[in-house]
1. Using 1/(1 + (r/R0)^6) with R0 = 22 angstrom and r between the beta carbons of ALA15 and ALA94, what's the FRET efficiency to the nearest 0.05?
2. Work out, step by step, the length gained on full extension between SER78 and VAL8: first 0.36 nm times the residue separation, then minus their alpha carbon distance; give nm to one decimal.
3. In nm, give the distance between the simple-model label positions of GLU36 and LYS59, each being 7 Å from the Cα along the Cα-to-Cβ direction.
4. Please work out the C-alpha center-to-center distance from the stretch 44-106 to the stretch 15-43 and express it in whole Å.
5. Go through the stretch 33-45 residue by residue and turn each phi into a ³J(HN,Hα) via Karplus (6.51, -1.76, 1.60, θ = phi - 60°); whole Hz please, and just put x for glycine and proline.
6. Could you state the per residue volume, in Å³, of the convex hull enclosing the Cα atoms of the stretch 7-105?
7. Only Lys, Arg, Asp and Glu count, each charged at its Cβ (+1, +1, -1, -1), so figure out the dipole size of the chain about its Cα centre, rounded to 20 debye.
8. Tell me which residues come under 5 Å, amide H to amide H, from ARG75 once H is placed; ignore anything under 5 positions away on its chain.
Amino acid sequence: MEIGVGEVEANEASALVKLMANSERIRMLQAMLEGEVRVCALADRAGLAQAATSQHLAKLVIAGIVVQRRDRQSRYNSIVPEWADILRRLIRAAEQHDALRTANSS
């Protein structure tokens, strides 16, 4: 069976992997898997300044992974439902990869 990936699909996949290849964003996404989270809570959880957190969130919003809701002066962030399962599987795969790597290095 031959798997063909066109240039457009390869570029999109590459951009998505690049977006996910950031530990601060992963920690922020993990927090949002638990539910809607304010920017200040995400900043605390990721150990980042609010400005840096907002920049990361902007990239995730543009990519269509995160949505924001405003309530007066607060912004609440959550993962688009279609992405939640994908992110859980990605995190699980990373944990399994780490466990395999650790087992193979022993």
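1. 0.70
2. Values: separation 70, 0.36 × 70 = 25.20 nm, distance 2.79 nm.
So the chain would gain 22.4 nm between SER78 and VAL8.
3. Label-label distance for GLU36 and LYS59, simple model: 2.6 nm.
4. 2 Å
5. Residue by residue, the stretch 33-45 yields 5, 7, x, 5, 9, 6, 4, 5, 5, 5, 4, 4, 5 Hz.
6. Each residue corresponds to 116 Å³ of Cα convex hull volume.
7. The calculated dipole for the chain is roughly 540 debye.
8. Residues meeting the criterion, in which the H sits 1.01 Å from N, are VAL39.
Computed from the coordinates by the stated procedures, all read-outs in this text should not be read as laboratory data. This is a predicted model, so every value here is computed, not measured. Here Cβ is always computed from backbone atoms with ideal geometry, including for glycine, and neighbour counts include all displayed protein chains.
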